[in-house]
Amino acid sequence: MVVNKEKYDYLIVGAGLFGSVFAHEAKKRGKTSLVIDKREHIGGNVYTENVDEINVHKYGAHIFHTNNKEIWDYVNSFVEFNRYTNSPVANYNGEIYNLPFNMNTFNKLWGVITPGEAKEKIALQKKNAGIENPKNLEEQAISLVGTDIYEKLIKGYTEKQWGRPATELPDFIIKRLPVRFTYDNNYFNDKYQGIPVGGYTKIIEKMLEGIEVELEVDFFEQREFYEEKAEKIVFTGMIDEFYNFQFGELEYRSLTFNSEKLNIPNYQGNAVVNYTDRETPYTRIIEHKHFEFGNQEATIITREYPSEWSKGQEPYYPINDDKNSLLYKKYKALADVEKNVVFGGRLATYKYYDMHQVIAAALTQVEKEFKNNV
Ligand code: FAD
Ligand code: UDP
């Protein structure tokens, strides 16, 4: 095997958002990169595939949202975004509620009309539950929205999603969801929101224009060969794997996606429907065409099943409990003293990052990298 030492300035492991932003920015600064990915496509988890004129979100519903104008302008410089606003509905044993928790939800559940009435109802339920300083997801949820919403819209969904009782989960997971005392079904509070017209893959294609990409290559299967390919590595895979699991394995939640084409134009009337009861095995059904207001004759739906993760499966969600956070710190201490490896993205930093946060983190990393190195 011919080792082409120092052929590239960067070897980038992972053609997801972090790796692609980094490669793009490095190219702008005259640096060369080789991007490798073990999957058969670019884009990582934001990958969309065009099937029968419908852009299918292969790894679950992806809605871009941010408060940061710079990041919004950045993504819009690659593609145009539509005006999609995420307004999922919850299906609890056939009862339909609006999400996130807002006056529409409270009205349907309790018949209350004014914000004052809703607040009173929640305060009473919180008081009856005896919660003062919430210590876990269950207590946090009850203190935010009361026991009725917790039982119907949170408990079942959360326990399916995470495979453990809500009392054993950190409270910050539920703080991601807005609670609003207005009649507003927008799932996000951010100023900017939308879906790239033509799908997310287009953004990644643009970012990687003119950059060498090798697909279906697992870094760990030819580690020595690839390490010789560049001066520096940008690593966006699993940090524990990078260190040969020497302190033990970090845990994740995985997902299985089950897609189906239906010869009807409209299956569920919304892009995302959450199934919040404990018994339905999937957490949500996505109907992809609604992300782009499609009027195709057929439709494609995907059921999303949460599952335990074991080696070989896709690691989707880091589990940021105490045990895993401590373990991550040990790996991070090793990573912090690496001179020629940059760790970035959801897996290498073991963080629950949304797309805008990954892009911001990559741009910050780029700034740091090129401050003394232009
Ligand atoms: P990834 O996309 O995971 O990319 C890492 C890449 O590295 C992968 O392509 C992987 O194959 C490759 N790789 C790993 N190890 C190796 C190896 N050993 N060798 C070669 N290649 C390797 N964000 C939002 O903003 N809005 C949403 O609505 C939203 N919904 C989501 C829904 C789901 C179900 C999930 C799982 C995530 C969602 N996200 C959402 C988050 C979003 O997917 C991430 O922020 C983003 O994809 C992270 O990019 P990344 O580059 O860090 O990681
Ligand atoms: N959640 C819930 N019911 C819902 C939607 C979300 O209880 O109908 C909780 C659940 O614990 C989930 C968390 O809120 O893990 C964050 O939801 P989000 O939609 O942000 O999850 P993601 O899209 O990242 O999977």
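Ordering Pro115, Gln193, Ile154 by Cα displacement along the dipole of the stretch 98-200 toward the positive end leaves Gln193 in first place; charges were set at the Cβ atoms of Lys, Arg (+1) and Asp, Glu (-1).
Label the stretch 211-330 by shape, choosing from rounded, prolate and oblate, from the square roots a ≥ b ≥ c of the eigenvalues of the Cα gyration tensor; if a/c is under 1.5 it is rounded, and otherwise prolate applies when a/b is larger than b/c, oblate when it is not.
Cα axes put the stretch 211-330 in the oblate bin.
Think of the stretch 248-328 as a dipole: +1 on every Lys or Arg Cβ, -1 on every Asp or Glu Cβ, centred on the Cα centre; then among Pro315, Phe291, Thr256, Phe291 lies furthest on the positive end.
Taking the Cα centre of the stretch 261-374 as reference, the dipole from Cβ charges on Lys and Arg (+1) and Asp and Glu (-1) amounts to some 420 debye.
Which of the GluC sites (Glu not before Pro) across the stretch 195-270 are loop residues per DSSP, with 15 or fewer other Cβ within 10 Å? Each step should come with its number before you reach the end.
On the way: sites: Glu205, Glu209, Glu212, Glu214, Glu216, Glu221, Glu224, Glu227, Glu228, Glu231, Glu241, Glu249, Glu251, Glu260; in loops: Glu209, Glu216, Glu228, Glu249, Glu251.
Sparse-neighbourhood loop GluC sites (Glu not before Pro): Glu209, Glu216, Glu228, Glu249.
Charge dipole of the chain (Cα centre as origin; +1 on each Lys and Arg Cβ, -1 on each Asp and Glu Cβ, all else neutral): 900 debye, rounded to the nearest 20.
The loop-placed GluC sites (Glu not before Pro) in the stretch 57-114, going by DSSP, that have at most 13 neighbouring Cβ atoms within 10 Å of their Cβ come out as Glu80. With Cα atoms defining each centre, the stretch 300-348 and the stretch 25-68 are spaced 19 Å apart in the structure.
Only Lys, Arg, Asp and Glu carry charge here, each on its Cβ (+1 for the first two, -1 for the last two); on that basis the stretch 1-138 has a dipole of about 420 debye about its Cα centre.
Which of the trypsin sites (Lys or Arg not before Pro) found in the stretch 280-354 are loop residues per DSSP with 10 or fewer other Cβ atoms within 10 Å of their Cβ?
Those satisfying the criteria are Lys311, Lys339.
Considering only beta bridges that DSSP places wholly inside the chain, some 60 percent are antiparallel. Counting Lys and Arg as +1 and Asp and Glu as -1 over every other residue whose Cβ lies under 15 Å from the Cβ of Trp309, the net charge comes to -2. Over the residues of the chain, the helix contribution to mean residue ellipticity at 222 nm works out to -9000 deg cm²/dmol, using -39500 (n - 2.57) for each DSSP H run of at least 4. Think of the chain as a dipole: +1 on every Lys or Arg Cβ, -1 on every Asp or Glu Cβ, centred on the Cα centre; then among Phe219, Ile131, Val342, Ile131 lies furthest on the positive end.
Shape verdict for the stretch 303-368, please, from the Cα gyration tensor: rounded (a/c under 1.5), prolate (a/b greater than b/c) or oblate. It would help to have the intermediate numbers written out before the result.
Working: a/c = 2.22, a/b = 1.37, b/c = 1.62.
Oblate is the answer for the stretch 303-368, as a/c is 1.5 or above yet b/c matches or exceeds a/b.
Which of the three applies to the stretch 192-279, rounded, prolate or oblate, going by the alpha-carbon gyration tensor with a ≥ b ≥ c and a/c under 1.5 meaning rounded? It is oblate, given that a/c is not under 1.5 and a/b is not larger than b/c.
Every read-out reported here was derived from the displayed coordinates using simple, explicitly stated rules and does not represent laboratory data. As the structure is a computational prediction, the values presented were derived from the model and not from experiment. Heads up, the Cβs are rebuilt from the backbone with ideal geometry, glycines too, and the neighbour counts pull from every protein chain shown.
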